[in-house]
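Heads up: the structure comes next, in structure tokens.
The values are calculated or read from the model by the stated rules, or taken from the named source; none is laboratory data. Every value quoted in this text rests on a predicted model; they were computed, and no experiment measured them. Positions of Cβ are generated from backbone atoms using ideal geometry, with glycine treated the same way; all protein chains shown enter the neighbour counts.
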Amino acid sequence: MEDWKQTVAGNLAALRKERHLTQAQLAEQLHYSDKAVSKWERGESLPDLAVMKQIADFYGILIDDLLRTQQERDRAAAAASAPEQPLQPPAENAAPPAHCRTRNRLIIAGMAALLVWLIASLIFVVLDTAIPELRYGSFLFLYALPVTAVVCLVFNSIWFNPRHNFIIISVLLWSLLGALFLTLYQYRIWKIFLIGIPAQLIIILWSRLRPSREKQQNHP
């Protein structure tokens with residue numbers, strides 16, 4: 001409370017002196033005695049709220065200005081004169097552009113596909129080093145192709161266009177049949193490819209299926 005008295009007292013005296021008024025002249029303007037003005041400026045008493053409003057209106061300021069120190073008034077004036085800065089959303093919350101998301105997804109899918117071939121290469125190197133007489137170690141790469149097709153099928157179903165899945169499934173079918181044929185080449189089981197003909201036709205017919213109208217209405 002004493003701090004407020006001294007702050008108001010100092011502000012009243014400073015404002016009066018800025019206007020080059022005597023205590024008597026100010027008292028006349030406020031319709032109060034010069035003794036009351038003197039007590040206010042010495043901090044012996046505080047003017048009531050109505051008088052403070054009258055004083056603030058007389059000086060063209062706010063009541064709050066009478067309760068602020070000089071430093072607080074300077075900071076408020078500097079803040080008021082500073083140009084407003086437009087609000088910027090936090091950079092970490094901004095969503096990446098669509099083309100960046102697509103590129104990142106392609107890179108991740110490509111890394112997953114290459115990981116299949118990396119694993120196949122590691123297994124081949126280990127087997128060829130540990131068992132050099134192994135004749136069919138290179139067949140690992142034959143099966144890496146259908147496994148890669150499975151990986152691409154998963155990522156395409158999650159992130160990309162599932163309507164292209166029939167192409168990936170076709171690659172999976174024929175690469176798997178080819179790997180089995182080459183693995184069992186000594187048995188000349190070329191007839192295994194006959195399995196792929198009806199299977200491919202089923203894949204093509206499946207790719208032609210379209211959602212029913214009722215389903216489209218239920219899931220716009």
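Odds and ends about this structure:
- Only a single item in (1) farther than 19 Å from Q71 by Cα; (2) in contact (Cβ under 8 Å) with a residue 24 or more places away in the chain; (3) in a helix (DSSP H, G or I) is not met by L46, and it is number (3).
- Among (1) part of a loop (DSSP other than H, G, I, E, B); (2) of a type outside the set (G, A, S); (3) at pLDDT below 85 - the single one H20 does not satisfy: (3)
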